[in-house]
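Novice: Below you will find the structure I want to go over with you.
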Amino acid sequence: MLDVEAFRKTLNERKRVELTLDSFTRAAVLVPVMCIDGEDHLLFTQRTLTVEHHKGQISFPGGRLDDGETLTDCVLRETHEEVGIPPQFVRLLGALDDIWTPTRYIVTPFVGLAPYPWEFRLSTAEIEQLLLTPVSDLLDPAIYDETEIHHEDRTAIVPYYHWGNFIIWGATGRIVRQFLTLAYPGKDPTCRAS
């Protein structure tokens with residue numbers, strides 16, 4: 001189980017990477033942690049084939065920042081729009097490092113506790129289905145792989161989590177890796193420099 005107070009302390013005491021890149025769009029995603037039968041799970045979404053970017057990929061609820069909106073407002077609004085969890089039911093614990101994507105987004109991931117069970121309402125234009133993934137599965141080294149990508153003048157290690165018939169990779173894989181490293185110290189078999 002996630003030690004919430006220890007995790008919050010870790011987030012507050014570390015220097016978070018904040019990116020500013022010209023011509024990149026700001027976005028925020030929620031890493032929703034849910035307790036199901038005494039075990040931590042992460043809530044992922046599978047994007048539809050009709051969205052503009054990352055068609056069919058596994059992601060976290062979230063999206064681009066609207067004018068005049070804060071990142072926390074954005075992540076809570078997008079979570080409500082995409083999966084039907086209103087802002088008042090999400091307990092934000094803090095932010096992970098900003099990451100960039102080849103599609104020219106700077107994404108700020110927020111970790112939050114979300115309720116379960118919940119009557120999810122999906123945005124059918126954006127979300128094909130939900131995946132509730134046990135953290136213990138994501139900590140299994142047998143499902144993990146990684147590769148290095150180069151895009152323009154940037155380089156990143158991209159983790160791949162082969163979970164069932166799904167591959168959690170790209171920006172979402174990078175976020176998962178950092179979350180596991182910080183939230184479950186000593187348990188993440190992929191612990192390398194984040």
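Novice: Near Lys9, which aspartates and glutamates are there with a Cα under 20 Å away, not counting those fewer than 8 places off in the same chain?
Specialist: Counting by Cα, and skipping residues close in sequence, Lys9 has these aspartates and glutamates nearby: Glu18, Asp40, Asp97, Asp98, Asp188.
Novice: For the chain, what does the helix formula give at 222 nm: sum of -39500 (n - 2.57) over DSSP H segments with n ≥ 4, over the residue count, nearest 500 deg cm²/dmol?
Specialist: Details: 4 runs with 41 residues, N = 194.
The helix contribution divided over the chain gives -6500 deg cm²/dmol.
Novice: On full extension of the chain, what length is gained from Arg64 through Lys187, given 0.36 nm per residue of separation minus the C-alpha to C-alpha distance?
Specialist: Details: separation 123, 0.36 × 123 = 44.28 nm, distance 3.24 nm.
Full-extension gain reported as 41.0 nm.
Novice: PRE reach from Thr10 (point 7 Å along Cα→Cβ): which of region 16-51 fall under 20 Å by backbone N?
Specialist: Inside the label zone: 16-18, 29-36, 38-44.
Novice: Let me ask something additional. Applying the Karplus parametrisation 6.51 cos²θ - 1.76 cosθ + 1.60 with θ = phi - 60° to the phi angles of region 101-111, what ³J(HN,Hα) value in whole Hz is obtained for each residue in order, glycine and proline being reported as x?
Specialist: Rounded to whole hertz, the list is 10, x, 7, 6, 10, 9, 10, 9, x, 10, 9.
Novice: Pairs of Cα atoms under 8 Å, at least six residues apart: use those to get the relative contact order of the chain, whole percent. It would help to have the intermediate numbers written out before the result.
Specialist: Details: 374 pairs, mean separation 45.6, N = 194.
Value for the chain: 24 percent.
Novice: Between Asp37 and Leu131, what FRET efficiency comes out of the Förster formula 1/(1 + (r/R0)^6) with R0 = 22 Å and r the beta carbon distance, rounded to 0.05?
Specialist: 0.85
Novice: Using alpha-carbon positions, what is the distance between the centroids of region 14-85 and region 90-107, in Å?
Specialist: 7
Novice: For a quick check: with amide H placed at 1.01 Å from N, whose amide H comes under 5 Å from Thr25's, ignoring anything fewer than 5 positions away on the same chain?
Specialist: Answer set, sorted by chain and number: Tyr105, Ile106.
Novice: Find, among the GluC sites (Glu not before Pro) in region 120-194, those assigned to loop by DSSP (not H, G, I, E, B) with at most 14 other beta-carbon atoms within 10 angstrom. Could you put the intermediate results ahead of the total?
Specialist: Working: sites: Glu126, Glu128, Glu146, Glu148, Glu152; in loops: Glu126, Glu152.
The qualifying sites are Glu152.
Novice: Among Ile106, Asn165, Phe44, whose Cα sits farthest toward the positive end of the charge dipole of the chain (+1 at Cβ of Lys/Arg, -1 at Cβ of Asp/Glu, about the Cα centre)?
Specialist: Ile106
Novice: Calculate the dipole size of the chain relative to its Cα centre from +1 charges on Lys and Arg beta carbons and -1 charges on Asp and Glu beta carbons; express the result in debye to the nearest 20. The partial results should precede the final answer.
Specialist: On the way: 18 positive and 29 negative charges, 54 e Å.
In debye, rounded to 20, the chain gives about 260.
Novice: Rounded to the nearest 5, what is the percent of antiparallel bridges among the DSSP beta bridges in the chain?
Specialist: Details: 33 of 42 bridges.
Bridges in the chain are about 80 percent antiparallel.
Novice: Measuring from label point to label point, each 7 Å out along Cα→Cβ, what is the Phe166 to Asp153 span in nm?
Specialist: Reported label-point gap for Phe166 and Asp153 is 3.7 nm.
Novice: Using Cβ counts within 10 Å as a stand-in for footprinting exposure, how do Ser136, Ser23, Ser59 rank, fewest first? Could the numbers behind the result be given before it?
Specialist: Details: Ser136 12, Ser23 5, Ser59 23.
Listing Ser136, Ser23, Ser59 from fewest to most nearby Cβ atoms yields Ser23, Ser136, Ser59.
Novice: Over the Cα atoms of the chain, each weighted equally, I'd like the Debye log10 I(q)/I(0) at q = 0.13, 0.17 Å⁻¹, rounded to two decimals.
Specialist: Results for the chain at q = 0.13, 0.17 Å⁻¹ read -0.65, -1.22.
A short reminder: the numbers here are calculations on the coordinates, not readings from a lab. The model shown is predicted, which means the values in this text are computed figures rather than measured ones. Note: ideal-geometry Cβ built from the backbone for every residue, glycine included; neighbour counts use all protein chains shown.
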